[in-house]
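Asker: Got a structure here, written out as structure tokens. Questions coming.
The values are calculated or read from the model by the stated rules, or taken from the named source; none is laboratory data. As the structure is a computational prediction, the values presented were derived from the model and not from experiment. Quick reminder, even Gly has a Cβ in these numbers, built from the backbone with ideal geometry, and neighbours come from all protein chains shown. Surface areas here come from the heavy atoms of the whole protein model, side chains and all, with no ligands, DNA or RNA. Shrake-Rupley method; radii C 1.70, N 1.55, O 1.52, S 1.80 Å.
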Amino acid sequence: MMTPLQVEAAGLCCALGYNLAAASCALRAGMDHFQESEFVAGGGAKVRVARLPDTSTWGSKRIAQWIKLAVEDCLGKIPSLDTQIVPLIVLCPTQDRPMVDDDWCLDTYRFAEQAIGRSFDPRSAILPNGRAGFMQALQLAQRWIHEEQVARVLIVGADSYLDAAGINHYLDEERLLIPGNRDGFLPGEAAAAVLLSKPGSAPGVRVMGVTTANEPGRPDGSVPSRAQGLSQAIRSACAQAGTQPGALRFRMSDQNGESFFAAEAANAMTRVLWQCATQPTVLTTADCVGEVGAATGPLMLAHLSAVMAGPHSPGDTGLVHLANDNGLRGALIVQHHPGN
């Protein structure tokens, strides 16, 4: 079993709101803020997106703005925190995405640090590992905290699909949700922050198990998915957490509207829960905030840290699972503890 991590504070900035309180409320209500954009698909149809209201700043500086708001929302809950002893892990898109490379990720980090106006621990790192890379960020945070190198770690996930190169790339691959293609995703953008520490006596949401695995299947159909990677990740996360799969009350899925990911997740859950009479409730976020890539995992955990403590909690134990286009799969088990 792994040493649990507790979500001490969280922040969020997305198309539904500039802070976690507003965005989480809108997510729970099933709201969205989708709108037509300047991006045009074949036949002249405008691509619908989920975006924040800024049409003058793009690229790394645009994402840095959302990181600043998410971090301020998170750290504003602990105003006396000395961030110079808190490592910052920034989770960025994978480098097989258009326009994303080492320089892009480094520029995003530098612009974000300047915008935040704080210094962080020298251990701070950039992980260009996409959605499922959130599990790798959590594993790194868990190791640092378990070994008592640091008391807290701040993980920030940030991404935006709103650039011409990316839109054209996914239009060419027929992966965007546009007229004539119902099997696609809606581009979005967001930043989310979670401050993690070793559990104490305070109530809150805890990460009890975190694992990754690899899936040969690919969204383009070049290799069919049998959900083996995700099944392995879910089983391993449950084992780490000391939780039976049948005890899961919900699963939060990163499925984004593409049938590949929805079918894979359903297949994996059937494999894992084949002896169970019922399936856990399915929760999603992309139907409200769009596809937000590397921000997805921190966004999910931030939202759960808010909703699991209240009267509308989906349950006290749940699964979060994430998948990358490149085959990386991840799963984590979350539990709400009432405190001592």
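Asker: Of all residues in region 132-159, which are part of a strand (DSSP E or B) and in contact with a Pro (Cβ under 8 Å, 6 or more places away or on another chain)?
Answerer: The answer is Val153, Leu154, Ile155, Val156, Gly157, Asp159.
Per-residue answers, yes or no, for (1) part of a strand (DSSP E or B); (2) under 13 Å from Leu283 (Cα atoms); (3) at pLDDT below 95; (4) open to solvent by less than 20 Å² (accessible area, probe 1.4 Å):
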| residue | (1), (2), (3), (4) |
| --- | --- |
| His303 | no, yes, no, yes |
| Pro311 | no, no, yes, no |
| Asn326 | no, no, yes, no |
| Leu332 | yes, no, no, yes |
| Gln335 | yes, no, no, no |
| Asn340 | no, no, yes, no |
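Asker: Is it the case that Ile67 is surrounded by fewer than 21 Cβ atoms within 10 Å (Cβ to Cβ) and of a type in the set (A, V, I, L, M)?
Answerer: Taking the combined requirement at face value, the residue does not satisfy it.
Asker: For region 75-107, enumerate the residues that are open to solvent by 10 Å² or more (accessible area, probe 1.4 Å), out of contact with any helix residue (DSSP H, G or I) (no Cβ under 8 Å at 6 or more places or on another chain) and among the aliphatic types (A, V, I, L, M).
Answerer: Of everything in region 75-107, those that are open to solvent by 10 Å² or more (accessible area, probe 1.4 Å), out of contact with any helix residue (DSSP H, G or I) (no Cβ under 8 Å at 6 or more places or on another chain) and among the aliphatic types (A, V, I, L, M) turn out to be Ile78, Ile85, Val100, Leu106.
Asker: Tell me yes or no: at least one residue of region 108-119 is assigned to a loop (DSSP other than H, G, I, E, B), in contact (Cβ under 8 Å) with a residue 60 or more places away in the chain, open to solvent by 10 Å² or more (accessible area, probe 1.4 Å) and of a type in the set (Lys, Arg).
Answerer: no
Asker: As an exercise: evaluate Gly297 against (1) without any contact (Cβ under 8 Å) to a residue 24 or more places away in the chain; (2) in contact with a helix residue (DSSP H, G or I) (Cβ under 9 Å, 6 or more places away or on another chain); (3) not polar (S, T, N, Q) and give the number of the one condition it does not meet.
Answerer: Gly297 satisfies every listed condition except (1).
Asker: Among the residues of region 315-329, how many are within 14 Å of the chain's Cα centre (by Cα) and within 14 Å of Ala241 (Cβ to Cβ)?
Answerer: Selection size over region 315-329: 3.
Asker: Same structure again: Tell me which of these Arg182 doesn't satisfy, since it passes every other one: (1) within 24 Å of Asp32 (Cβ to Cβ); (2) at pLDDT 95 or above; (3) open to solvent by 40 Å² or more (accessible area, probe 1.4 Å).
Answerer: (2)
Asker: Then there's this: Looking at region 1-56, which of its residues are part of a loop (DSSP other than H, G, I, E, B), in contact with a Lys or Arg (Cβ under 8 Å, 6 or more places away or on another chain), in contact (Cβ under 8 Å) with a residue 12 or more places away in the chain and over 11 Å from Val289 (Cβ atoms)?
Answerer: Those that are part of a loop (DSSP other than H, G, I, E, B), in contact with a Lys or Arg (Cβ under 8 Å, 6 or more places away or on another chain), in contact (Cβ under 8 Å) with a residue 12 or more places away in the chain and over 11 Å from Val289 (Cβ atoms): Thr3, Pro4.
Asker: Here's another thing I want to ask about it. Could you say which residue among Val289, Val282, Val272 is open to solvent by 10 Å² or more (accessible area, probe 1.4 Å), under 18 Å from Arg28 (Cβ atoms) and not charged (D, E, K, R)?
Answerer: Val282
Asker: Given the structure, is Asp54 among the acidic types (Asp, Glu), over 18 Å from the mean Cα position of the chain (by Cα) and open to solvent by less than 60 Å² (accessible area, probe 1.4 Å)?
Answerer: When the stated conditions are applied, Asp54 passes them.
Asker: Right, next: Taking the criterion of being under 25 Å from Leu304 (Cα atoms), modelled with pLDDT of 95 or more, open to solvent by less than 30 Å² (accessible area, probe 1.4 Å) and hydrophobic (A, V, I, L, M, F, W, C), would at least one residue in region 25-41 satisfy it?
Answerer: Yes, region 25-41 has at least one match.
Asker: Continuing with this model, one more query. Among the candidates Ala309, Ala294, which residue alone is touching a Cys at 6+ places or on another chain (Cβ under 8 Å) and under 22 Å from Val7 (Cα atoms)?
Answerer: Residue meeting the stated conditions: Ala294.
Asker: Which condition does Val307 not pass, out of (1) over 22 Å from Ile155 (Cα atoms); (2) surrounded by fewer than 23 Cβ atoms within 10 Å (Cβ to Cβ); (3) not charged (D, E, K, R), if it passes all the others?
Answerer: Val307 satisfies all of (1) over 22 Å from Ile155 (Cα atoms); (2) surrounded by fewer than 23 Cβ atoms within 10 Å (Cβ to Cβ); (3) not charged (D, E, K, R) except (1).
Asker: Also: Among the residues of region 187-222, count how many are on the phi < 0 side of the Ramachandran plot, open to solvent by 10 Å² or more (accessible area, probe 1.4 Å) and not β-branched (Val, Ile, Thr).
Answerer: 15
Asker: Could you check Glu72 against (1) open to solvent by less than 80 Å² (accessible area, probe 1.4 Å); (2) within 19 Å of the chain's Cα centre (by Cα); (3) closer than 29 Å to Gln149 by Cα and say which number it fails?
Answerer: (1)
Asker: Given the structure, is Gly318 closer than 18 Å to Gln232 by Cβ and open to solvent by less than 10 Å² (accessible area, probe 1.4 Å)? Walk me through how you get there before you give the answer.
Answerer: Values: closer than 18 Å to Gln232 by Cβ: no; open to solvent by less than 10 Å² (accessible area, probe 1.4 Å): yes.
No.
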